[in-house]
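Colleague: Got a structure for you, questions after.
The values are calculated or read from the model by the stated rules, or taken from the named source; none is laboratory data. Nothing here was measured: the structure is a model prediction, and the numbers come from that model. Note: ideal-geometry Cβ built from the backbone for every residue, glycine included; neighbour counts use all protein chains shown. Only protein heavy atoms, including side chains, enter the accessible area calculation; ligands, DNA and RNA are left aside. Shrake-Rupley method; radii C 1.70, N 1.55, O 1.52, S 1.80 Å.
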Amino acid sequence: MRGAARTAAGLLTAAAGSALARTARDLAARAATAAVEAVLRELLRDALKLALRDTLRGIIVEVSRDVVVDVARTTWTTATRPAPPG
């Protein structure tokens with residue numbers, strides 16, 4: 001029984017250092033790297049969308065204020081203009 005266990009351990013040790021094991025580890029590392037890159041890509045995309053949304057919201061608020069001020073000014077100017085002689 002001990003001989004079989006030693007033989008199995010020797011085979012496992014030899015298999016762990018084989019080209020097949022190195023290839024499997026390399027493929028696993030590449031797959032893990034690809035998964036991490038995909039997650040980071042999604043996180044960055046979401047962060048960029050949120051940042052752009054906040055920036056655009058600020059721009060829209062500023063433009064809206066400018067339009068309201070301009071409309072109020074034009075309306076006031078028109079309402080207070082003297083009547084044309086007639």
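Colleague: Measuring from label point to label point, each 7 Å out along Cα→Cβ, what is the A35 to A14 span in nm?
Modeller: Here the modelled spin labels are 3.2 nm apart.
Colleague: Now for a different question. May I ask you to rank R73, R53 by accessible area, largest first, using a 1.4 Å probe over the protein chains only?
Modeller: Descending order: R73, R53.
Colleague: Placing +1 on the Cβ of each Lys and Arg and -1 on the Cβ of each Asp and Glu in the chain, which of T78, A31, L11 has its Cα farthest towards the positive end of the resulting dipole?
Modeller: Looking along the dipole axis, the top candidate is L11.
Colleague: Got a sec to turn the phi values of segment 11-19 into Karplus ³J(HN,Hα) couplings, 6.51 cos²θ - 1.76 cosθ + 1.60 with θ = phi - 60°, whole Hz, x for Gly and Pro?
Modeller: Whole-Hz 3J(HN,Hα) from phi for segment 11-19: 5, 5, 5, 5, 5, 5, x, 6, 4.
Colleague: Out of these labelled values of Cα extents along the principal axes in Å, (i) 50, 29, 26; (ii) 121, 21, 11; (iii) 65, 29, 14, which was calculated from the coordinates shown here?
Modeller: It is the value labelled (ii).
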